[in-house]
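The values are calculated or read from the model by the stated rules, or taken from the named source; none is laboratory data. Model, not experiment: these values are computed from the prediction. Neighbour counts are summed over all protein chains in view; Cβ atoms, including those assigned to glycine, are modelled from backbone coordinates with ideal geometry.
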């Protein structure tokens, strides 16, 4: 009996079925991600190239849909208030990441990608910066592997820590946006904490994601200043504009608020499917590709950034009015 062949056939059926189940049933974000991870590690993911592309597209659609449940006035206020500590947080994260990379002797480009992914928005930042600095495929894979694993861990750890410290929904949403890598995991964690946490977390994270462009250009200048500019290859996160447009429509046209709530609920379900696919993208090869030094750098940087941000929020040094 050909066991690998049977395993392949099982995986071909299981992944689409579980993806549909994540949309239809009320699966939590953490459960969806764990289901995807367990499926990929045990029976494999025969659709890996397709699910990686699909993950990015579904995330963009889900984020735009979430905008249909937001008040643009709140979005504008929260985004404006977060500019100061966003700039400070990104700068400190990149500096700390640089020194950790030096101490651990992590490959230069891998260190840059892990630092940029931690500072801004995980996989999206890694993808943008990697094209600018001409990173090698294995460096990109290692960086994404570190970030994806920490994203999965954040979905479980952050809500637990938030409840332990009795964070308000606003505080938790802010902390998630500043300390979790990917937008999908910020939304997934804050969605578990409450509606206001989701609103704050999504808004602050999307405002932070805008910094992909200047940070990418900065690293491109430092690393490739003698080469032809790669600025034209940098992908702007257009889903941010879609999010703002959806929020504007339901805010300025009250008649659309009912439909906006429906779209918002569908977007949340789509996000759960996205998190399942993110888990399914963490194959055995991806997990093996993560070396010890990049993993240590990523974990230490994540703990430092998360710890300092949480301490600042608890001390009242940063917050939202």
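Condition check: free of Cβ contacts under 8 Å to residues at least 12 places away in the same chain, assigned to a helix (DSSP H, G or I) and within 14 Å of the chain's Cα centre (by Cα). Does residue 153 satisfy that? Criteria met by residue 153.
Within the stretch 116-125, not a single residue is in contact (Cβ under 8 Å) with a residue 40 or more places away in the chain and more than 23 Å from residue 60 (Cβ to Cβ). Restricting 136, 102 to residues that are farther than 24 Å from residue 201 by Cα, surrounded by fewer than 18 Cβ atoms within 10 Å (Cβ to Cβ) and modelled with pLDDT under 80 narrows the list to 136.
Please work out if residue 313 is in contact with a helix residue (DSSP H, G or I) (Cβ under 7 Å, 6 or more places away or on another chain), under 22 Å from residue 139 (Cβ atoms), assigned to a helix (DSSP H, G or I) and at pLDDT 80 or above. Judged against the criteria, residue 313 is not a match.
In the condition set (1) touching a helix residue (DSSP H, G or I) at 6+ places or on another chain (Cβ under 7 Å); (2) modelled with pLDDT of 85 or more, residue 144 is compliant with all but (2). The one condition from (1) within 30 Å of residue 244 (Cα to Cα); (2) in contact with a helix residue (DSSP H, G or I) (Cβ under 7 Å, 6 or more places away or on another chain); (3) free of Cβ contacts under 8 Å to residues at least 40 places away in the same chain that residue 33 does not meet is (3). Quick one: is residue 113 closer than 26 Å to residue 135 by Cα, over 19 Å from the mean Cα position of the chain (by Cα) and at pLDDT 85 or above? It is false that residue 113 is closer than 26 Å to residue 135 by Cα, over 19 Å from the mean Cα position of the chain (by Cα) and at pLDDT 85 or above. Taken over the stretch 239-278, the criterion of being closer than 20 Å to residue 153 by Cα and modelled with pLDDT under 80 is satisfied by 271, 275, 278.
Of all residues in the stretch 176-208 being within 11 Å of the chain's Cα centre (by Cα) and closer than 17 Å to residue 113 by Cα, which is surrounded by the fewest Cβ atoms within 10 Å (Cβ to Cβ)? Within the stretch 176-208, the match that is surrounded by the fewest Cβ atoms within 10 Å (Cβ to Cβ) is 179. Of the residues that make up the stretch 127-150, is at least one part of a loop (DSSP other than H, G, I, E, B) and either under 13 Å from residue 190 (Cβ atoms) or under 18 Å from the mean Cα position of the chain (by Cα) (or both)? No, the stretch 127-150 has no match at all.
In the stretch 52-71, the qualifying residues are those that are buried (at least 18 other Cβ atoms within 10 Å of the Cβ) and over 16 Å from the mean Cα position of the chain (by Cα), and the one that is modelled with the lowest pLDDT is 70.
Just one of (1) surrounded by fewer than 24 Cβ atoms within 10 Å (Cβ to Cβ); (2) in contact (Cβ under 8 Å) with a residue 40 or more places away in the chain; (3) within 15 Å of residue 310 (Cα to Cα) fails for residue 211. It is (3).
Within the stretch 8-50, being at pLDDT 85 or above, crowded, with 18+ Cβ neighbours inside 10 Å and within 14 Å of residue 274 (Cβ to Cβ) holds for 15, 18, 19, 22, 35, 36.
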